[in-house]
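Only one structure is covered here, and it is reproduced in the block below.
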Number of protein chains: 2
Amino acid sequence: MTRLVAIDWGTSSLRGALLDASGAVLEERSDARGILKVPAGGFPAVFESLFAEWMQPGGTRCLISGMAGSKQGWVEAPYCACPAGRVEVGRRIIDIDVPPGSPRISVVPGLSNEHDGVPDVMRGEEVQIFGAMALMDIDEGVFVLPGTHNKWATVKKGRVTGFRTFMTGEFYALLSQHSILARTLDADAPLDEAAFVEGVMRADNGQGLLHNAFGTRTLALFERMATQELASYLSGLLIGEELRTQSLHAFGEVVLIGSSALTQRYTLALRATGTATRMLGAEATWAGLHALSGFLDTGRMPS
Amino acid sequence: MTRLVAIDWGTSSLRGALLDASGAVLEERSDARGILKVPAGGFPAVFESLFAEWMQPGGTRCLISGMAGSKQGWVEAPYCACPAGRVEVGRRIIDIDVPPGSPRISVVPGLSNEHDGVPDVMRGEEVQIFGAMALMDIDEGVFVLPGTHNKWATVKKGRVTGFRTFMTGEFYALLSQHSILARTLDADAPLDEAAFVEGVMRADNGQGLLHNAFGTRTLALFERMATQELASYLSGLLIGEELRTQSLHAFGEVVLIGSSALTQRYTLALRATGTATRMLGAEATWAGLHALSGFLDTGRMPS
């Protein structure tokens, strides 16, 4: 039986799992050494220190998704243009040079598409979408992957037909930590659902984020909102701004893939606007890498 | 003849001018000690070090606008609610306690208004608007004051009837210096007008700032836009996002007040969307403080 070392190697962190031949998770591991923290030429050493013990000769393979396949990563796996499904992506998996006799290590390409002359890209999320489809046994839908740079993707007949990135997570970090709003809000306050939903609904008032964000300051200045509620309100304004641009009435349901803290927030926001959701976490990544591993050439055995 | 020491004391810097009785500028002075850099109780000393030589007994008065009148300033001058013109603001000017025999120092209040339960505020811009009206001999119009926190104000019959703040300048600073976009763009590149206008027009595509901002990265990644053009494109996206929410077709002309670097950018953006502009700079501040000085009580002479 072949075991798979499945890795999602992102910008600021990485996660790995050892899967058995059926795709079941035997062990998980995570680390803070995202690609930005790996020195030039340092990928083999980081990989070795984290996963050597899982990489047994004679049947183990490794498949890596995420930013490790970017120009700044371990080896560049050029983007696969949409529409693209498991077959198109599987065909463009790239092998990393390893010493003879070592288990194979391969990298999944990301996806690209273009809207009105502006390209858009993802790396890693395509694997989570393929995994979600496998786990839910569906081949179409709208998939939302919240994070620093959120993705909204549409899938038809098993292929991602198009997607867009939203910098919602990064805007929230910048505004809550570095803007004038940081002086009044408490970024560590727990989620206040009422303030969050108030922000979501406010975002649709036609005045735009540049104006509505300033309200986070004036509501505090005039003591209309408690300090503990401001971060939730701002988060709601940002996620609401993201939802504002979607044709939500056209979606029966949205599949959310990500950390439970984020997918729960999006569920709250989407329900407030009348859209149903289903939530998935890391299991989508492992299922996606397992599904893609079927496309690895099994003819080349360790010598 | 009475001379006026006119000061606009902002958050991050201050500017002062010595005006003669007709309002003509005799001398100007600026300093980096905005209110955030003045230690607790330190306002009299900073004022003294900068303006003592202008403050001659027997006829000199001083009028200060801007954040010096806020809670974090020298003395709090509570906001004046809209609609408000020179008369309403003039009546709420606050005197600072000074030693007997010293020239009077007074502080102009800011303005407040409210939209759907969210307050909005300005401090200092109201003086620039009053000054622009005096210089242009008009008593109505749409006034735009670009800066860290831009203001769009509507004036009818000499009174500001309503206004909104947009965090456009602060968003630009955060994104161009601290976001992932900072890695590819050159914030010091000179304005590229074509890239700027491309950003302005793109902002109206219905996809929102959170998505469009990411295009600044992907256009660079796919070498569709030169590094030198990216900052201008991002600036255009932000200013375009601000214009997107205005009913520009209803405005015959917009009066822009601010630094020439910013008012020129807004003029480019507004012309691209078919709106005419007129531009004013610091002269609007001095004219506004001179106009308000007519409301100072002249009965209390130095003892």
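So the values come out like this:
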{"quantity": "26 Å Cα-Cα reach of B:Lys151 towards lysines, excluding residues that sit fewer than 8 places from it in its own chain", "calculated": "B:Lys37, B:Lys71"}
{"quantity": "Local electrostatic count, B:Ala24, Cβ distance below 13 Å [Lys/Arg +1, Asp/Glu -1]", "calculated": "-3"}
{"quantity": "For A:Asp192, B:Asp186, A:Asp137, order by how many other beta-carbon atoms lie within 10 Å, fewest first", "calculated": "A:Asp137, B:Asp186, A:Asp192"}
{"quantity": "Compactness of the range A:229-281 as Cα Rg over 2.2 N^0.38 Å, two decimals", "calculated": "1.10"}
{"quantity": "Net charge dipole size for chain A [Lys, Arg +1 and Asp, Glu -1 on Cβ; Debye, nearest 20]", "calculated": "420 debye"}
{"quantity": "Intensity falloff of the range B:157-200 expressed as log10 I(q)/I(0), Debye formula with alpha-carbon point scatterers, at q = 0.25, 0.26, 0.33 Å⁻¹", "calculated": "-1.01, -1.06, -1.17"}
{"quantity": "The range B:57-63 - phi-based ³J(HN,Hα) in whole Hz, Karplus 6.51/-1.76/1.60, Gly and Pro as x", "calculated": "x, x, x, 8, 10, 10, 10"}
{"quantity": "Computed over the range A:166-280, Cα set: Rg, Dmax in Å", "calculated": "13.6, 40"}
{"quantity": "Extension gain, B:Ser102 back to B:Asp31 (0.36 nm per residue minus Cα-Cα distance, nm)", "calculated": "23.2 nm"}
{"quantity": "Share antiparallel - DSSP beta bridges, the protein assembly as shown, percent rounded to 5", "calculated": "65 percent"}
{"quantity": "Environment charge of B:Pro146, counting only residues whose C-beta is closer than 13 Å and scoring Lys/Arg +1, Asp/Glu -1", "calculated": "-1"}
{"quantity": "Cα Rg, Dmax (largest Cα-Cα span) when computed across the range B:1-157, Å", "calculated": "15.6, 49"}
{"quantity": "Residue mean of other protein chain beta carbons inside 10 Å, A:217-228", "calculated": "3"}
{"quantity": "Under 15 Å from A:Lys156, Cα to Cα: aspartates and glutamates that are on another chain or at least 8 residues apart", "calculated": "A:Glu88, A:Glu126, A:Asp137, A:Asp139, A:Glu140, A:Glu253"}
{"quantity": "Among beta bridges that DSSP assigns inside chain A, antiparallel share in %, nearest 5", "calculated": "65 percent"}
{"quantity": "Given chain B, longest segment not containing exposed loop GluC sites (Glu not before Pro) (DSSP; at most 14 other Cβ within 10 Å)", "calculated": "B:141-222"}
{"quantity": "Amide hydrogen neighbours beyond the local backbone of B:Gly162, cut-off 5 Å, H modeled", "calculated": "B:Thr154"}
{"quantity": "Residue-averaged 222 nm ellipticity for chain B, from DSSP H runs of 4+ at -39500 (n - 2.57), nearest 500", "calculated": "-10500 deg cm²/dmol"}
{"quantity": "Total charge dipole magnitude, the range B:166-280, about the Cα centre, Cβ charges on Lys, Arg, Asp, Glu only, Debye to nearest 20", "calculated": "140 debye"}
{"quantity": "Descending Cα extents along the principal axes, the range B:112-207, whole Å", "calculated": "47, 33, 27"}
{"quantity": "At 7 Å out from Cα toward Cβ: B:Ala226 inter-copy label distances (nm, ascending)", "calculated": "5.6"}
{"quantity": "Ranking of B:Ser259, A:Ser13 by count of other Cβ atoms within 10 Å, fewest first", "calculated": "B:Ser259, A:Ser13"}
{"quantity": "Copy-to-copy label separations for B:Gly206, where each label sits 7 Å from Cα toward Cβ, in nm and ascending", "calculated": "1.6"}
{"quantity": "For chain A, alpha-carbon Rg relative to the globular expectation (2.2 N^0.38 Å, N residues)", "calculated": "1.08"}
{"quantity": "Axis-nearest residue of B (beta carbon) for the B-onto-A rotation, whole Å", "calculated": "B:Leu174, 2"}
{"quantity": "Base-10 log of normalised Debye intensity for the protein assembly as shown (one unit scatterer per alpha-carbon) at q = 0.10, 0.12, 0.13 Å⁻¹", "calculated": "-0.90, -1.15, -1.29"}
{"quantity": "Label point 7 Å beyond Cα along the C-beta direction, distances from A:Asp186 to other copies (nm, shortest first)", "calculated": "4.6"}
{"quantity": "For the range B:1-29 versus the range A:96-146, the gap between their alpha-carbon centres in whole angstrom", "calculated": "62 Å"}
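Laboratory data are not the source of any read-out in this text; all were calculated from the coordinates shown. Given the structure is predicted, the values throughout are model-derived calculations rather than measurements. We place every Cβ from the backbone using ideal geometry, glycine too, and count neighbours over all the protein chains shown.
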